[in-house]
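J.: My questions all concern the structure below.
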Amino acid sequence: MATKRIKRERTPAFSSHLLLLFHSSLPPSLPRSSSFPSFSRINSSSSGRPVHPPEPETMASEKHFKYLVLGGGVAAGYAAREFAKHGLQPGELAIISKESVAPYERPALSKGYLAPQNAARLPGFHTCVGSGGEKLLPEWYADKGIELILSTEIVKADLATKTLTSADGATFICEILLIATGSSTIKLTDFGVQGAESNNILYLRDIEDADKLVAAMQAKKDGKAVVVGGGYIGLELGAALKTNNFDVTMVYPEPWCMPRLFTAGIAHFYEGYYASKGINIVKGTVASGFDADANGDVSKVNLKDGRVLDADIVIVGVGGRPLTGLFKGQVEEEKGGLKTDTFFETSVAGVYAIGDVATFPMKLYNEPRRVEHVDHARKSAEQAVKAIKAKETGETAAEYDYLPYFYSRSFEVAWQFYGDNVGETVLFGDNDPATEKAKFGTYWVKDGKVIGVFLEGGSAEENQAIAKVARAQPPAADLEALSKEGLDFASKI
Ligand SMILES: Cc1cc2nc3c(=O)[nH]c(=O)nc-3n(C[C@H](O)[C@H](O)[C@H](O)COP(=O)(O)OP(=O)(O)OC[C@H]3O[C@@H](n4cnc5c(N)ncnc54)[C@H](O)[C@@H]3O)c2cc1C
């Protein structure tokens, strides 16, 4: 496991501007990351007696980089690869992360990481394997001269001077900052839900959370698990717990699961399929409190409708929030994210926002959007780095023309979605949960054009075909005919 690489060093009290100027004048062949040596001077007072200024004993280190990525998740890993593709001088780039490991493919945490056998473990799923690329091991960063500053939380960010301060007082200054802080999970304790602080009420955002879940599954072997939330985290974790032989109940307030994307027809399949796997689904109510045993371990989930569920583990997946708090008041925001242009540059020159935190102009739909999905985290990172490098040579990168793409898989089912889920919906195929190897989907039709497609059980070619439809937006006037034609409609585009 990589360790924190920041050492406390004594530094002179230069202003950050001076440091910037000093380092900007370094020849490009020299490493631009450095800590400044301590110094002590002997001045003379007017009385002629030597005056020893106090040693700056308590000052923490100050480091300078040309490029700094704040956050060590998916976007950070893909940004590093893109920087390396363009050619980097050693010491030009650093990644600062709260996490103790190099960037990895976060979606693995709710899938392969929780498998009962041959579970995925690092270094197996470091970025950029998720897109079929090279696995960037910690050694890769070292070889490229990219500094991984791990287990380091940034608690203050001054965007005007591009100066970051860590929890232990170290300072990092850069010329170009990429904000890639991702999202945090919404916790039930944030709302004061009674008993929500009990042991084994768990969340899943990073590898530390995943390890806690694995440990809880081992400690409460073959026990009862309650999943609070029916979104993609809830559905994937419900399946993972069941596969690990837990007795699983899912609870969510909506009339069906994943209502932000699924139609009633799509949800009909997954709810029936989950029931056939032995998962109990309780809809239309929420967890209003928890009881714990004498050890403080959760033992019961109290539902708002009066029902009580036994529980050895509770996993909560009720959504996330983009981590933008450090930058409040310093940069323009929109739709809950940091507003960027098509190059992912924010309203502060030289400060970029990528991944979950960015609200960018979605060219295809001609409106600003924020996207919390891995495909966009990868592509936005690549786009920002391309734009940064193009600017350096006086060129302009192509506009970001993103086609939304989401996917999930659990048990033996897997779906993909491309495009936008607005307008009228047309179900096609067989969505009967009892059907073996079900293949069905839904088209979203707006203003007479197909703009979004969902497909369960598609082959690689079929998934490519639905992506093409969502991009091309072909006309479809007769919705009944479209339903009958089903996947053939997509295959013809
Ligand atoms: C369990 C799970 C499963 C998922 N599955 C899917 C899926 O199947 N399909 C899909 O499309 N998407 C999925 N996602 C969403 C996808 O992983 C995210 O959209 C993606 O990770 C966003 O990338 P990011 O780089 O913006 O943020 P992240 O990958 O979240 O990285 C943010 C990084 O910033 C660090 N950080 C934050 N604040 C600070 C700070 N102050 N100081 C230092 N470091 C900081 C964090 O520790 C983290 O390392 C899943 C997410 C989770 C949590």
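J.: Quick check, is GLU175 more than 16 Å from the ligand (Cβ to nearest atom), outside any strand (DSSP E or B) and over 18 Å from SER151 (Cα atoms)?
T.: No: the conditions fail for GLU175.
J.: Looking at LYS242, is it buried (at least 17 other Cβ atoms within 10 Å of the Cβ) and in contact with a Gly (Cβ under 7 Å, 6 or more places away or on another chain)?
T.: Yes.
J.: If you don't mind, there's one more thing I want to ask. Specify which of the listed residues (VAL331, VAL298) is in contact (Cβ under 8 Å) with a residue 24 or more places away in the chain and not assigned by TED's automatic domain parsing to the domain that holds GLU367.
T.: One residue alone meets the criteria, VAL298.
J.: Which of (1) in contact with a Ser or Thr (Cβ under 9 Å, 6 or more places away or on another chain); (2) of a type outside the set (Asp, Glu); (3) in contact (Cβ under 8 Å) with a residue 24 or more places away in the chain; (4) loosely packed, with under 14 Cβ neighbours inside 10 Å does ALA275 not meet, given it meets every other one?
T.: Single failed check for ALA275: (1).
J.: Please indicate, with yes or no, whether at least one residue in the range 124-147 is under 30 Å from ASN245 (Cβ atoms) and among the hydroxyl-bearing types (Ser, Thr, Tyr).
T.: So far as the range 124-147 goes, no, none of its residues is under 30 Å from ASN245 (Cβ atoms) and among the hydroxyl-bearing types (Ser, Thr, Tyr).
J.: Under the condition of being part of a loop (DSSP other than H, G, I, E, B) and modelled with pLDDT of 95 or more, which residue from the range 52-78 is farthest from SER97 (Cα to Cα)?
T.: The residue in question is GLY73.
J.: While we're looking at this one, here's another question. Is there any pair linking a residue in the range 158-179 that is assigned by TED's automatic domain parsing to the domain that holds ALA381 to one that is among the basic types (Lys, Arg), with Cβ under 6 Å and at least six apart or on different chains, and which?
T.: Cβ pairs passing all conditions: THR165/LYS156; PHE172/LYS63; CYS174/LYS162; GLU175/LYS66; LEU177/LYS162.
J.: Here's something else I'd like to know. Taking the options ASP488, ASP420, ASP430, ASP478, name whichever one is closer than 19 Å to PRO404 by Cα and acidic (Asp, Glu).
T.: Exactly one of ASP488, ASP420, ASP430, ASP478 is closer than 19 Å to PRO404 by Cα and acidic (Asp, Glu), namely ASP420.
J.: Quick one: which residue in ALA311, ALA353, ALA384 is more than 12 Å from the ligand (Cβ to nearest atom), hydrophobic (A, V, I, L, M, F, W, C) and at negative phi?
T.: Every option except ALA311 fails the conditions.
J.: Is at least one residue of the range 188-195 surrounded by 15 or more Cβ atoms within 10 Å (Cβ to Cβ), of a type in the set (Gly, Ala, Ser) and either in contact with a Ser or Thr (Cβ under 8 Å, 6 or more places away or on another chain) or assigned to a helix (DSSP H, G or I) (or both)?
T.: For the range 188-195, residues surrounded by 15 or more Cβ atoms within 10 Å (Cβ to Cβ), of a type in the set (Gly, Ala, Ser) and either in contact with a Ser or Thr (Cβ under 8 Å, 6 or more places away or on another chain) or assigned to a helix (DSSP H, G or I) (or both): absent.
J.: If you take the residues of the range 281-338 that are among the basic types (Lys, Arg) and over 29 Å from the mean Cα position of the chain (by Cα), which of them is surrounded by the most Cβ atoms within 10 Å (Cβ to Cβ)?
T.: Only one residue tops the list, namely LYS300.
J.: Do we find that ARG81 is at pLDDT below 95, in contact with a Gly (Cβ under 8 Å, 6 or more places away or on another chain) and among the basic types (Lys, Arg) in this structure?
T.: Spelling it out, it is not the case that ARG81 is at pLDDT below 95, in contact with a Gly (Cβ under 8 Å, 6 or more places away or on another chain) and among the basic types (Lys, Arg).
The values are calculated or read from the model by the stated rules, or taken from the named source; none is laboratory data. As the structure is a computational prediction, the values presented were derived from the model and not from experiment. Backbone-built Cβ (ideal geometry, glycine too); neighbour counts: all protein chains shown.
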